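A short worksheet on the structure shown next.
The values are calculated or read from the model by the stated rules, or taken from the named source; none is laboratory data. Since the model is a prediction, treat every value here as computed from it, not as a measurement. So basically every Cβ, Gly included, is an ideal-geometry build from the backbone, and we count neighbours across all protein chains shown. These accessible areas exclude ligands, DNA and RNA; they are computed on the full protein's heavy atoms, side chains included. Shrake-Rupley method; radii C 1.70, N 1.55, O 1.52, S 1.80 Å.
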Amino acid sequence: MAPSAPAPPPATPRVVFRRARSEDLPAIVHLLADDELGAGREDPGHPAYRAAFEDIDGDPRQLLVVAELEGEVVGTLQLTIISGLSRRAATRAQIEAVRVREDQRGGGLGRALLEWALDQARQRGAVLAQLTTDVRRVDALRFYERLGFQVSHHGLKFPLA
């Protein structure tokens with residue numbers, strides 16, 4: 001009797017990166033609140049998130065992105081295209097609110113999400129991508145540096161409210 005053929009490897013789930021939809025908002029806010037820093041500044045369920053989502057979604061220079069795995073939102077970021085006069089009128093891409101669900105970290109999802117966003121920025125004419133990370137997010141800083149981001153400026157915040 002001939003040995004049976006080996007079983008095919010299990011199908012690897014495929015992550016899809018796409019524009020966020022209204023129904024993704026609770027999952028996005030949960031990702032933003034799901035760490036020590038976010039827990040202190042986010043308020044899931046607050047009605048302001050809905051208005052902000054509508055504003056972002058209606059602006060052609062903004063792209064709120066989710067990473068979806070098997071129908072679940074497992075990552076997010078916001079990409080903003082900024083026209084400017086400096087650097088010979090260079091267009092920039094601002095990347096904000098990058099989050100990957102804790103159980104999905106370390107497997108390459110964050111890298112793939114950022115690379116996808118950088119490609120989207122290039123397609124929209126950006127020649128420079130910039131982001132900030134809280135100085136307390138040491139692991140995030142190392143992650144961004146491994147991707148090729150360079151620490152080049154000091155970021156400052158001024159609370160207006």
Item to complete: Within region 69-91, track down each residue that is open to solvent by 50 Å² or more (accessible area, probe 1.4 Å) and either over 20 Å from residue 15 (Cβ atoms) or without any contact (Cβ under 8 Å) to a residue 24 or more places away in the chain (or both).
Response: 71, 82, 83, 85, 86, 87, 88, 89
Response to the item:
Subset of region 123-141, residues on the phi < 0 side of the Ramachandran plot and over 16 Å from the mean Cα position of the chain (by Cα), comes to 123, 124, 126, 127, 128, 135, 136, 138
Item to complete: Just one of (1) over 20 Å from residue 114 (Cβ atoms); (2) in contact with a helix residue (DSSP H, G or I) (Cβ under 6 Å, 6 or more places away or on another chain) trips up residue 73, so point out which.
Response: (1)
Practice prompt. Could you look through region 123-161, keep only residues that are among the small types (Gly, Ala, Ser) and under 21 Å from residue 64 (Cα atoms), and pick out the one that is surrounded by the most Cβ atoms within 10 Å (Cβ to Cβ)?
Written response: 126
Worksheet item: Among the residues of region 105-122, how many are open to solvent by less than 50 Å² (accessible area, probe 1.4 Å) and at negative phi?
Response: 9
